[in-house]
Amino acid sequence: SISEDLAAFDDLDEALRYLVEESSKAVQADRASLFLNDPVTKELYTKFAQGNLAHEIRIMNDSGISGAAFQSGQAIIVDDPYTDSRFNQRVDEQTGYHTKNIIAVPVKTVRGEIIGVLQALNKQRGRFTKKDLTLLELITTQASQFLSGMIELKRVEKLRKHEIEFLEVISEMTSDTVSYTHLTLPTILLV
């Protein structure tokens, strides 16, 4: 159902919002976040996160539970994050949120490349289970094909926009050069 719904979106941000919200509902989490990897800075950043966040969260892609899931390529359930040495308490401190339990699932492309992590926090009743983990893995597997296509489309659109801007600059420069040539030609003939 989520895969079919995602296929109807033509806006990446709206699709990601839907994916996070539906994932959160599916595992009965208080909130969820989608972290994407920035290969240049080697950071995971929130592309979409539920909750009242004033700014995106950025963490090194080897930090915290999400970083551990990203680096290992394995889904992780943590029942008591404050006792887990991988847990990055700084995010809770910055957001004022108290994390009680976490489930983090790597998001992989069809080729198996890890592009991010889907993370859910604070199961509404009890703890996250293996069933929750399997469900999130299925959701991310189904969504990854769509996400890969949409991310590639956005990349191509961005490149196309840069090409158009470059061509406009070249056009202006050429126009200026032609205008300059026309202005200086009579001067050369007079000499």
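If you take the residues of the range 1-26 that are open to solvent by less than 50 Å² (accessible area, probe 1.4 Å) and farther than 25 Å from MET60 by Cβ, which of them is modelled with the highest pLDDT? Steps first, answer last, please.
Pass one, the range 1-26, residues open to solvent by less than 50 Å² (accessible area, probe 1.4 Å): 2-3, 6, 12, 15-16, 18-20, 22-24, 26.
In the following step, the residues that additionally are farther than 25 Å from MET60 by Cβ were identified as 2-3, 6, 15, 18, 22, 26.
Values: ILE2: 70, SER3: 67, LEU6: 73, ALA15: 79, TYR18: 85, GLU22: 89, ALA26: 92.
Filtering the range 1-26 for residues that are open to solvent by less than 50 Å² (accessible area, probe 1.4 Å) and farther than 25 Å from MET60 by Cβ, the one modelled with the highest pLDDT comes out as ALA26.
Going by the structure shown, is LEU147 within 27 Å of TYR18 (Cα to Cα), open to solvent by less than 60 Å² (accessible area, probe 1.4 Å) and at pLDDT below 90? Don't jump to the end; show me each part of the working.
Values: within 27 Å of TYR18 (Cα to Cα): yes; open to solvent by less than 60 Å² (accessible area, probe 1.4 Å): yes; at pLDDT below 90: yes.
Considered against the rule, which asks whether it is within 27 Å of TYR18 (Cα to Cα), open to solvent by less than 60 Å² (accessible area, probe 1.4 Å) and at pLDDT below 90, LEU147 comes out as yes.
Hey, can you tell me all the residues within the range 99-128 that are in contact with a strand residue (DSSP E or B) (Cβ under 9 Å, 6 or more places away or on another chain), open to solvent by 60 Å² or more (accessible area, probe 1.4 Å) and without any contact (Cβ under 8 Å) to a residue 24 or more places away in the chain?
First, the residues of the range 99-128 that are in contact with a strand residue (DSSP E or B) (Cβ under 9 Å, 6 or more places away or on another chain): 99-109, 114-124, 127-128.
If we keep only those that are open to solvent by 60 Å² or more (accessible area, probe 1.4 Å) as well, we get 100, 108, 124, 127.
Correct list: LYS100 only.
Check off (1) open to solvent by 80 Å² or more (accessible area, probe 1.4 Å); (2) aliphatic (A, V, I, L, M); (3) at pLDDT 80 or above for ALA29 and give me the number that stays unchecked.
For ALA29, the exception is condition (1).
Scan the strands (runs of 3 or more DSSP E) fully inside the range 1-114 and keep the ones with 3 or more residues being over 13 Å from the mean Cα position of the chain (by Cα). Write out each step before concluding.
Numbers: elements: 29-38, 43-49, 58-60, 76-78, 102-108.
Result: 29-38, 76-78, 102-108.
Give the range 78-98 a look and list any residue that's open to solvent by 50 Å² or more (accessible area, probe 1.4 Å) and not hydroxyl-bearing (Ser, Thr, Tyr), or say none. Full working, then the answer.
Of the range 78-98, the ones open to solvent by 50 Å² or more (accessible area, probe 1.4 Å) are 79-80, 82-83, 85-86, 89-90, 93-96, 98.
Once the filter is applied, which keeps residues that are open to solvent by 50 Å² or more (accessible area, probe 1.4 Å) and not hydroxyl-bearing (Ser, Thr, Tyr), the range 78-98 yields ASP79, ASP80, ARG86, GLN89, ARG90, GLU93, GLN94, GLY96, HIS98.
The values are calculated or read from the model by the stated rules, or taken from the named source; none is laboratory data. Here the structure is a predicted model, which means the values were calculated and not measured. All Cβ positions, even for glycine, are placed from backbone atoms using ideal geometry, and neighbour counts span all protein chains on display. With ligands, DNA and RNA removed, areas are computed over all heavy atoms of the protein, side chains included. Shrake-Rupley method; radii C 1.70, N 1.55, O 1.52, S 1.80 Å.
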